[in-house]
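Written below as structure tokens is the structure these notes are about.
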Amino acid sequence: MSKQRILIKYGGNAMINPQLQQEIAVQIFKLQEAGFEVIMVHGGGPFINKALEKAAIKSEFVDGLRVTEAIAFAEIQKALIGEVNADLVSKLNQNRLKAIGLSGKDAGMVQAKKYQHRSADGSIVDLGLVGEITKIDDSLINLLCEAGYVPVVACVADGTDGTSYNINADTFAGKLASAVKADQLIVLTDVDGLFLNYPDPASIIRKLNEDAVKAHLGTTIQGGMIPKIQSCVQALKEGVKKAIILNGTKPEQIANYVIENKEIGTTLTL
Ligand code: ADP
Ligand code: MG
């Protein structure tokens, strides 16, 4: 039987100190030792914010999605690939893994087109170079996973017209998870899960099905939680068996969940 595959989305807000990244690396090593193949998709929010600030470009979000003008895209790509991805790969490899840095662009793995965002009131909002995935070729990831590598993927991709796009990392992770037939999608952020009364951690919602998601969208589910929850549900619809939001600032939660089956985080179901 082939190995179980876990796609981990590592949020920028949970990678703010090198110690945390190091501990995440240890957890991924544990997963590999336990017989899982691991693929990582990362964000880079705080790093992007800093890069944009330095370039005197304002950071703006609509429904949890980053508005991306062309000048902003150049900075985002530099931060994601040149900084976050490169540093993550170093950290993982220092911890006995064989991590390989990629973005959706490599070998044309992920193809994108301009994303048309519709806000809650139905109007179209122009987010600039924010992309939507149109096609994923799973062959590169399969090749790497089967050979024991850990692909670490930055969420940018090209359109067929040669335009490069910034894709929300949660959305990218969900789509990649289903395309590579991952068994599990783990979304690591900087909170324990979805809170009914944010920011009260005691109000964590342990299980959320699709109907509950619809009911909570725009009220409980706000900002950065919107693409996270939506991409988990989408991934489940596309065949991923398990999807959960965990706290990446508590890296031990990864093994607690996958190996020890502890009841933590917010689990999404259909
Ligand atoms: P990431 O880098 O992991 O993508 P985001 O900032 O995009 O992080 O999303 C996580 C954030 O979502 C949390 O830090 C929190 O501020 C926000 N959030 C919004 N609504 C909720 C909620 N109901 N429960 C928990 N977090 C929430
Ligand atoms: Mg986010």
- Task: Might you check whether a residue that is open to solvent by 10 Å² or more (accessible area, probe 1.4 Å) and touching a Pro at 6+ places or on another chain (Cβ under 8 Å) occurs anywhere in region 69-81?
- Result: no
- Message: Among the residues that make up region 46-54, is at least one of them under 25 Å from Ile229 (Cβ atoms), free of Cβ contacts under 8 Å to residues at least 60 places away in the same chain and buried (at least 19 other Cβ atoms within 10 Å of the Cβ)?
- Response: yes
- Message: Which numbered condition in (1) under 16 Å from the mean Cα position of the chain (by Cα); (2) open to solvent by less than 30 Å² (accessible area, probe 1.4 Å); (3) within 14 Å of ligand 1 (Cβ to nearest atom) is the only one that Thr171 fails?
- Response: (2)
- Task: Quick one: in region 201-213, of everything that is more than 21 Å from the chain's Cα centre (by Cα) and either within 9 Å of ligand 1 (Cβ to nearest atom) or closer than 16 Å to Lys228 by Cβ (or both), which residue is surrounded by the most Cβ atoms within 10 Å (Cβ to Cβ)?
- Result: Ala212
- Number of the exception - Gln32 against (1) open to solvent by less than 60 Å² (accessible area, probe 1.4 Å); (2) touching a Pro at 6+ places or on another chain (Cβ under 7 Å); (3) not aliphatic (A, V, I, L, M): (2)
- Pick from region 214-229, criterion more than 12 Å from ligand 2 (Cβ to nearest atom) and without any contact (Cβ under 8 Å) to a residue 60 or more places away in the chain, ranking: surrounded by the most Cβ atoms within 10 Å (Cβ to Cβ): Ile221
- Ser164 being in contact (Cβ under 8 Å) with a residue 40 or more places away in the chain, hydroxyl-bearing (Ser, Thr, Tyr) and under 19 Å from Lys237 (Cα atoms): no
- Where Ala86 falls short, out of the listed (1) more than 13 Å from Gly128 (Cα to Cα); (2) of a type in the set (A, V, I, L, M, F, W, C); (3) within 16 Å of ligand 2 (Cβ to nearest atom): (3)
- Task: Quickly run through region 174-200 and pick out the residues that are in contact with a Gly (Cβ under 7 Å, 6 or more places away or on another chain), open to solvent by 30 Å² or more (accessible area, probe 1.4 Å) and among the polar types (S, T, N, Q).
- Result: none
- Query: Looking at region 156-183, which of its residues are aromatic (Phe, Trp, Tyr) and either part of a loop (DSSP other than H, G, I, E, B) or within 16 Å of ligand 2 (Cβ to nearest atom) (or both)?
  - Reply: Phe172
- Query: Checking Ile186 against (1) β-branched (Val, Ile, Thr); (2) within 14 Å of ligand 2 (Cβ to nearest atom); (3) not in a loop (DSSP other than H, G, I, E, B), which single condition isn't satisfied?
  - Reply: (2)
- Residues that are on the phi > 0 side of the Ramachandran plot, out of contact with any Leu (no Cβ under 7 Å at 6 or more places or on another chain) and in contact (Cβ under 8 Å) with a residue 12 or more places away in the chain, drawn from region 230-270: Gly239
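The values are calculated or read from the model by the stated rules, or taken from the named source; none is laboratory data. These numbers come from a predicted model, not from an experiment. All Cβ positions, glycine included, derive from the backbone under ideal geometry; neighbour counts span all protein chains shown. What goes into the accessible areas is simple: the full protein's heavy atoms, side chains included, and nothing from ligands, DNA or RNA. Shrake-Rupley method; radii C 1.70, N 1.55, O 1.52, S 1.80 Å.
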